[in-house]
Amino acid sequence: MVFPMQRPDDGELVGLGSRPDKFRRESPRALGLAVGVKYSSGSTIFGVARLVAVEHGLRFGSTQLLSLSDKWFESLEEAESEIVRLFKMAAIGFQAQPEPGGKPWKKVVALLGGSKDESSPRMHWKREMRLVAGLREVDLDIRPNPESSIPQVVKELKSKPPSALLVWVDWVANPEVFTAPYLAAKPGAKADLLGTRSAEMSFDEHLAELSMHLVEISPMEGRDSRVPDVANWTDAADRISDLIGPHFVLTDRALKMLPGNPYPNPARMLDFVSKLERLADSYFTLKGQLGAALTDFSMAQFGIEIALFDTKLSPSDVVVDGRSVKGLKAIPHVKVDDAKDPAHCGRIYFAIDGVNFRFIVDHIGLHDYR
């Protein structure tokens, strides 16, 4: 994958050791690059980079490269997070679209919400969201201010329901007005929420959350091989138990929940628990110094949405190996599903031990933690 980026300004060229006035007739370019490398063993790594070149961009035999900042990832989703970051610097004329002669993209998502004003919440916000969707070969149908035309939007959702529906609750006061008729027209489809009713998420967090939903809506080959498919909760319980370590602890209560867990998709829950374990490993290794807020870091690096508070909960201290860990309560939680009925809405509740830099998981399953 190669995509044009904004032209490096004179200050950047100077910082890279080049003289802007020297390239009057040339056009310094910046490009985003993404590649996948498959080893003979079958494992795959993904590289993402920003390249800065002069001499009319990339030209064989006459291109001068000024910088190449590459990063490599074992997970396709982590690589996508880096691509999303680079998309913010993409050239204005760059648009995500199917390859000429290639298969058409599925128009699978109707994103409802946002403002008619392009500068709110951010300049070119629609374009950035469509670029993110393009990574998953999704043509994103964005409807600003849907509550101004509820009958028309609902009629379209019922007559031509998309494969999935996302409602941006920062801007939509009553998302169920859209989700209910959509699910009635397409039972079992994905209808989820973006953002929070308190509008506390940044736009970058919205992009990361959108990317997370698109992974589920339009999965691709190359998913994280460290989370193999499982057929039942017996298999999932064994895999989750293997994740336990000094950085990632399961309470007595959480361990007892695994066999016979009522959450209907054990493979999906295993995927989220595995990502939380990797987040815990980063927290443990870096001694809590993630360089960003935990909620931002988890979304950007692992594609999981974490809420640190739940005003409806007042749980007791977590219990590990029969002992209560004083002052640690499992209120932070991973949102596995939203806008679904109680039998399909998943959660992972955990406590954050800032002394031993570990996560202590107390609940894995449905959204029924007490």
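For the reader, a short list of remarks on this structure follows.
- One Cα centroid belongs to the range 311-329, the other to the range 140-161; the line between them spans 44 Å.
- Label assignment, Cα extents along the principal axes in Å derived from the structure, set (1) 72, 52, 40; (2) 156, 74, 42; (3) 92, 40, 35: (1)
- Just checking the listed ones, Glu200, Glu80, Glu209: in the Gaussian network model of the chain with Cα springs under 10 Å, the one fluctuating most is Glu200.
- Electrostatic tally near Ala351: other residues with Cβ closer than 13 Å to its Cβ, Lys and Arg +1, Asp and Glu -1, net 0.
- The alpha carbon centroids of the range 1-23 and the range 230-251 are separated by 48 Å.
- Furthest towards positive pole of dipole, Phe73, Met89, Pro264, structure part the chain, Cβ charges: Met89
- DSSP-defined antiparallel bridges as percent of all bridges, the chain, nearest 5: 70
- Greater than 19 Å apart at Cα, pairs in Lys158/Lys186; Lys287/Lys312; Lys275/Lys326: Lys287/Lys312; Lys275/Lys326
- Sorted ascending by nearby beta carbons within 10 Å, beginning with the fewest, Val14, Val318 become Val14, Val318.
- Long-range HN-HN contacts of Ala191 with modeled amide H, under 5 Å: Leu165
- Taking the number of Cβ atoms within 10 Å of each Cβ as an exposure proxy, the fewest-first ranking of Trp168, Trp233, Trp105 is Trp105, Trp233, Trp168.
- Taking the Cα centre of the chain as reference, the dipole from Cβ charges on Lys and Arg (+1) and Asp and Glu (-1) amounts to some 600 debye.
Only the coordinates and a few stated rules stand behind these numbers; no lab work does. Predicted model only: the values in this text are computed from it and were never measured. Note that each Cβ is placed from the backbone with ideal geometry, even for glycine, and that neighbours are counted across all protein chains shown.
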